[in-house]
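The values are calculated or read from the model by the stated rules, or taken from the named source; none is laboratory data. None of the values given here were measured: they were computed from a predicted structure. Counting neighbours? That spans all protein chains shown, and the Cβs are built from the backbone with ideal geometry, glycine included.
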Amino acid sequence: MGGDESIVQAARVSYGRGTKTVSEDRNLIRYLMRHCHTSPFEMVEYKFHIKLPIFVARQWIRHRTANVNEYSGRYSVMPDEFYVPSPEDVRTQSKTNKQGRSDEPIPEEIANEFIQDLQETQNLLYEKYNNYLSKEIARELARINLPLSTYTEWYWKIDLHNLFHFLELRLHPTAQYEIREYAKIIAQIVKETCPIAYQAFEDYRLNSVTFSAVELKILKNMIQYKLPTFEEMLEMGLTKREVEEFFTKISFINNFK
């Protein structure tokens, strides 16, 4: 609901639609992004219908700035569908990331044993679930022993500003693989519907870093190379205003005490 034009129209609230050129719109959106003027991005909203394993949903729901309506196991029978990872996605616990898996491969026989155990347990628990239902045990009780790998689904509506925050966290390499795969698809949808805003998001948030005061001191001592000229920076894709702001940052570093 909305696109790049919605962002610039909200920022230029006194103007009508189509009063500026695409290049001027691009400059404005990039300015808003890099200076954290976030409210115009809230004028764009996305509503997704998502099917996902419950354990992914429990991570996802931590993004509390969205509107959610989820499939109910109290009203409806839970589906006979469960997530099972691919053998190549079965890994050991990371020694550096306390909450994630490592990149080290695991012996094939252990991975296959793990997957087989998952499937056997899933089938057994769903069989028992169906048995409870046949004995007229309430759905809200019958469901409680189903595994976290059971699929659920929901409608998830969120504005672009908060969606960018979701993507910044869930596209990160340390995010769990399964939720990263969803984030990649959502990112592609945003890229197609708000291309200018998404490019600014990539440039200023997703693929950027910030520096602490101590790090700035280190950078000040490291700046010994020849900087590109103003014209060379324009040829690299920066706008005139971005180049001016860059030199302001460099001056800040040089003046940093």
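The table below lists the values:
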| read-out | value |
| --- | --- |
| Residue match in the stretch 123-134 (condition: at pLDDT 95 or above, small (Gly, Ala, Ser), within 28 Å of residue 80 (Cα to Cα) and more than 17 Å from the chain's Cα centre (by Cα)) | yes |
| Any hit, the stretch 152-162, residues being part of a helix (DSSP H, G or I), modelled with pLDDT under 95 and under 18 Å from residue 38 (Cα atoms) | no |
| Only one of 142, 183, 138 that is surrounded by 17 or more Cβ atoms within 10 Å (Cβ to Cβ) and closer than 26 Å to residue 124 by Cβ | 142 |
| Index of the failed condition, residue 75 passing every other in (1) over 23 Å from the mean Cα position of the chain (by Cα); (2) within 30 Å of residue 249 (Cβ to Cβ); (3) among the aromatic types (Phe, Trp, Tyr) | (2) |
| Flag for residue 116 being surrounded by 13 or more Cβ atoms within 10 Å (Cβ to Cβ) and modelled with pLDDT of 95 or more | no |
| Answer from 124, 148 - the residue that is farther than 16 Å from residue 46 by Cα, assigned to a loop (DSSP other than H, G, I, E, B) and assigned by TED's automatic domain parsing to the domain that holds residue 60 | 148 |
| Selected residue (criterion: surrounded by the fewest Cβ atoms within 10 Å (Cβ to Cβ)) from residues of the stretch 93-112 that are of a type outside the set (D, E, K, R) and farther than 26 Å from residue 145 by Cα | 96 |
| Qualifying residue in the stretch 219-242 (condition: more than 30 Å from residue 117 (Cβ to Cβ), loosely packed, with under 15 Cβ neighbours inside 10 Å, under 28 Å from the mean Cα position of the chain (by Cα) and modelled with pLDDT under 95) | yes |
| Residue 130 vs. criteria assigned by TED's automatic domain parsing to the domain that holds residue 81 and in a helix (DSSP H, G or I) | yes |
